[in-house]
Structures are given as structure tokens and as C-alpha cells.
Amino acid sequence: MTYQNTITDLQKLIKDNGSSWAAIDAESAARMKLQNRFNSGLDIAKYTARIMREDMAAYDADTAQYTQSLGCWHGFIGQQKLISIKKHFGSTKRRYLYLSGWMVAALRSDFGPLPDQSMHEKTSVPALIEELYTFLKQADARELGGMFRDLDTARERGDEVETKRLENAIDNYETHVVPIIADIDAGFGNAEATYLLAKQMIEAGACAIQIENQVSDEKQCGHQDGKVTVPHEDFLAKIRAVRYAFLELGVDDGVIVARTDSLGAGLTKQIAYVREEGDLGDQYNSFLDCDEVDPASIANGDVYISRDGKLLKPKRLPSNLFQFRPGSGEDRVVLDCITSLQNGADLLWIETEKPHVEQIAGMVDRIREVCPNAKLVYNNSPSFNWTLNFRQQVFDAWEEAGKDVSAFERDRLMSVDYDDTELAAEADERIRTFQADAAKRAGIFHHLITLPTYHTAALSTDNLAKRYFGEEGMLGYVQQVQRREIREGIACVKHQNMAGSDIGDDHKEYFAGEAALKAGGADNTMNQFEAA
């Protein structure tokens, strides 16, 4: 539906409704309609799910077509990311948003800052999804509003070439609305609770839901100790619950990201139910750390399992949790991933303790022996010390190749003393190409950073406070913030416009005509930034 066709259709509708609609202007109504092309969160979920499916197919054909996102904890943050992406790259293609449960817990809970342990209000997750899309839709309205005003100016000048260019740009406008991969943690309860929350998230606009195989009540951040996994059947029930939620709401292309924390999780709360030898429950239990016992020594209150004709006692902690065998993490990850893909998941997430392409690739190679099309979402986490990790990887590679590393101390490689060395330069180059390398070698379709703006907000606030409350005073703000906004073309230097002031003025004019009392007149101080 083109801009002109929308106007024509509305002209007919207004005419059909007679004189009582005579004051309604078809072009103004068409502009409002185009500025809000998504009428509901489900419209967004269906639209963005198709984008993700197309991107997944493109990645299968060419691993250079991997996708990226940055984590968000506020609608304004998400909006600014997408505005910046469009400004710098001209398109939002293959660039998404990630909604991190960690940041919801730390920054959006009514209880105050919380650790990533599913203690925050679960309804805050769908609320944030809705908030993110509200801000992204306003970014559309703001940008299109500017194009409409430019169109009016071109018409007033009689500039037919510019008029046609703008009409074509409006017809081919690319929205700021992109897929959000949303973190449902471990489902915040049983499978029914998972289904109910998934429905709310989808209705808010989520086309992709990430769920992890930890227990809900003992859930830990993926990069902390003490993680506890659940038997496969429990996790698969939750995957099915999310799929049912997508199908019930008509989002047939909805994407499920199955995350395994087994690499760093050494504990389980349950011994899996076994129906027959070798089934999934039996395989889960085979990883338990057990001691063989004499049947005559059975003690009251202990737990025992039978395997291969032997009586075994799983090692149980005072917390009533059972231990897995040390070194079994990778095998458990592979089994988790294969069974998730075989039971409805679309993408995998393997939480690792370091960013190492070959470590990830080793597990993915094994998964692809059974599921050739396996693809990953990967957390490029700020919990990793990227500088130290990659300098150590280069150090190890040089040492293995016989290169002299005597000038370096491996445990001190984070030191500023090494910043200008050849080793540091090679490490930085590996960091730069990590995403492309991992996409090609390790099957990573989507790279994300969970907590980027948590850290950037802290860093920029620290820099501003140091300058503003120090000797620089107001110069600290002007020099480090406003002047840089102007020089770098940051749209929110005109913060009234960014908050919707011009959109509101347009509406006032539509509704009241010449009687409209508009905010954007000569006395609006935002006019001081027009020359910028």
C-alpha cells in the first residue's frame, strides 16, 4: 500500500461517511496511519518472526550473514540503538535487540537491584518488551514526521523532483521495529507458568523466546557458580509449552532458543525418571557422580539407583542436590542440545566460561553429527575478561608454535605494560574477528552482548560526574556531552523532538487547524540546534 493509495482509500472512506466527516483530512489521516503500521504486539511478533526465519535461511546459505544484537533495559536505550544503526549503516537488516533477564532483575524490579536469580517480577519482562516496541514505533513516527514536513516544504517550493523522491522514500520506508530475543529465564515456574508468561511476552511483541535448562527456584546467572539443571523431560515440557503459546496466538514462525547451562552446572535437584534402560532419563542419570555400595550397607534416608546390575549411591550435598561427575559438562551440553532440537527448539545457546571459538566449535561439531542444521545464539558476555582471555589464547598459540614468549608473564597479560606489544595487537585482531570467525567455524547465527548499556551508562556517568563536579563545572557537560552530540549528529541533542514534541504539534494541527497551540514556534529553544 503506497502513500498515495492510502490517501485515496481514506478520501473515499471520508466521502462515504458524509458531511460529519468533512473536516477530516485524508492525507493527515494517512500520515498517522503510516506512522503506526503495527496495531498490536501480535502484529509485531508475526512480522519480526518472518524476519528471523529469513535471516536464519540466509545464514544457512552463507555464514557471513550472521546477526547481532545488544541488550536493553529501557525503551529509550533500544530506540537509540536502532536510530544509530539506521544512521550509520542505512538499514537495520540482521540487527536485533536482546532483552536480558539479568538487566531486568538488576534495573527494573520493584524490589530494587537484584541478582540474576529469577526473583524479580516476571510480568516486568513482557512490560519491557511492550515498552521497547513503544519507543521503536515512536522512532518511526518521528522520522516519518520529518519526511512529511520535508514533503510539504518541497511542494510549497514547487520542487517536483524532491517531492517524488520523498514520496518514494515514504513508500519504501524501513521501520525501526526489529526482532527482540526475550529472556524467559527458566520459565518462572512449571510448564504451565512458562506457557502463561510466554503468551504475555508474545502478545507484547516477542517473536523469539530464550529458555534455559536450570531449575526455576535455584536459577543462577549463567556466569555464576551453583547452577542446577533439570532432567531433559522437564525442560522439553517447557519448550513445548512455549511452542503451544506461539501457535495459540497465531505466531506460527515463532522462534525458540534453548539454552543449556550444563557446561558450568555441576548439580541437579532431581534424579530423572527412567522408563527403560538407555532412555533419556537413564542417560541423564548416567552423568551422576556415584559410589558403588554393598546392598547390605543400605542406610535409611539415602538414595540409591541401579545400573548394570550394580547398586550405586549418588553423591548428595547437604543442600539435597546431587552432583554430576567432574568433566561430564561437554557431554551433557551435547545431549541437551540434540534433544532440544529434536523436540521443537529452533536455535541453541551454549553458555560457556570463556569466548573460545574452538571450544564452542568442538561441541557444535558433535551436535551437527546428529542435527546438521544446528545453529547457535551466543552471549558475547561482559562477564568475560576479553582482553585477558584473548591475550592468553595468543600466548598459548605462540608457545605451541615454538615462538619466544619469555617477554610475557601469562598471568599478568592484562597489565597495561603489554598494551603496545605485538601479542596485544594480535589478541585485539582476534577479538575484532571473533564474531565472523565463530559464525563460520562454530555455527553461531546470532551474536549478542547481554549487558552493554549497563556498563556504558556506568562509564559515561562516571566520566561526567568527575568533570561536572570537579573544576570543569558546566564545561564538563558541554565539552563531553552536548558538543559531541552536535558534532556527531546525535538526534537527541534536540531532546524535545526526540520525546515527541513535533509529533504532538502535527496532531494539534490535524485536530484544531489554525487554532492549534504548537510548542515548536520561534521561542522554542530547540531552534538553537537547527544549524547543527
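Take the Cα of ARG149, go 7 Å toward its beta carbon, and the backbone nitrogen atoms of the stretch 1-34 under 17 Å from that spot belong to 28, 31-32. Modelled this way, with points 7 Å down the Cα-to-C-beta line, the labels at ASN190 and MET119 are 2.6 nm from one another. One chain, two ends: LYS440 and GLU358. Fully extended at 0.36 nm per residue, the span grows by 28.4 nm beyond their Cα-Cα distance.
Applying 0.36 nm per residue to the separation of PHE469 and ARG487 and subtracting their alpha-carbon distance, the gain on full extension is 4.1 nm. Cross-linked pairs LYS81/LYS440; LYS93/LYS199; LYS46/LYS269: Cα-Cα separations exceed 29 Å for LYS46/LYS269.
Would any residue of the stretch 241-273 have its amide N under 20 Å from a label point 7 Å out along Cα→Cβ of ASN320? List them or say none. Once the point is set 7 Å along Cα→Cβ of ASN320, 266-273 turn out to lie under 20 Å by backbone N, inside the stretch 241-273.
Compared with the dominant Cα axis of the chain, that is its longest principal axis, helix 329-342 is turned about 60°. Projecting the Cα atoms of ALA491, PHE511, SER501 onto the charge dipole of the stretch 472-515, computed from C-beta unit charges around the Cα centre, puts ALA491 farthest toward the positive end. For LYS375, a cut-off of 13 angstrom between C-alpha atoms picks up these aspartates and glutamates, skipping any fewer than 8 places away in its own chain: ASP55, ASP60, ASP62, ASP346, ASP365. Value of Rg to Rh for the chain, rounded to two decimals, is 1.04; Kirkwood radius and Rg both from alpha-carbon coordinates. Once the C-beta distance of PHE511 and THR387 is scaled by a Förster radius of 60 Å, the resulting FRET efficiency is 0.60 to the nearest 0.05.
Since only LEU99, VAL405, ALA361 are under comparison, the one whose Cα sits farthest along the positive direction of the charge dipole of the chain, derived from C-beta charges on Lys, Arg, Asp and Glu, is LEU99. The slack between GLU429 and SER20, meaning 0.36 nm per residue of separation minus the straight C-alpha distance, is 140.5 nm. Suppose R0 equals 30 Å; then what is the FRET efficiency for GLU248 and ALA499 from their Cβ-Cβ distance, rounded to the nearest 0.05? After rounding, the FRET efficiency stands at 0.25. In this simple spin-label model, placing a label point 7 Å from the Cα along the Cα-to-Cβ direction at both GLU422 and SER328 gives a separation of 4.6 nm. Simple point charges give the picture: +1 on the Cβ of Lys and Arg, -1 on the Cβ of Asp and Glu, and for the chain a dipole about the Cα centre of about 780 debye. The modelled label-to-label distance for the pair ASN36/VAL478, using points 7 Å beyond Cα in the direction of Cβ, is 4.1 nm. Summing Lys and Arg as +1 and Asp and Glu as -1 over all other residues whose Cβ lies under 11 Å from the Cβ of ASN36 gives a net charge of +2. Measure nothing but the geometry: give the 0 to 90° angle between the long axis through the Cα atoms of 124-157 and the longest principal axis through the Cα atoms of the chain, rounded to 10°. Relative to the chain, helix 124-157 is tipped by roughly 30 degrees.
Rule-based calculations on the coordinates, nothing more; no lab input. Fair warning: this is a prediction, and the values are worked out from it, not measured in the lab. Because the Cβ atoms are built from the backbone with ideal geometry, glycine has one as well, and the counts that use them run over all protein chains shown.
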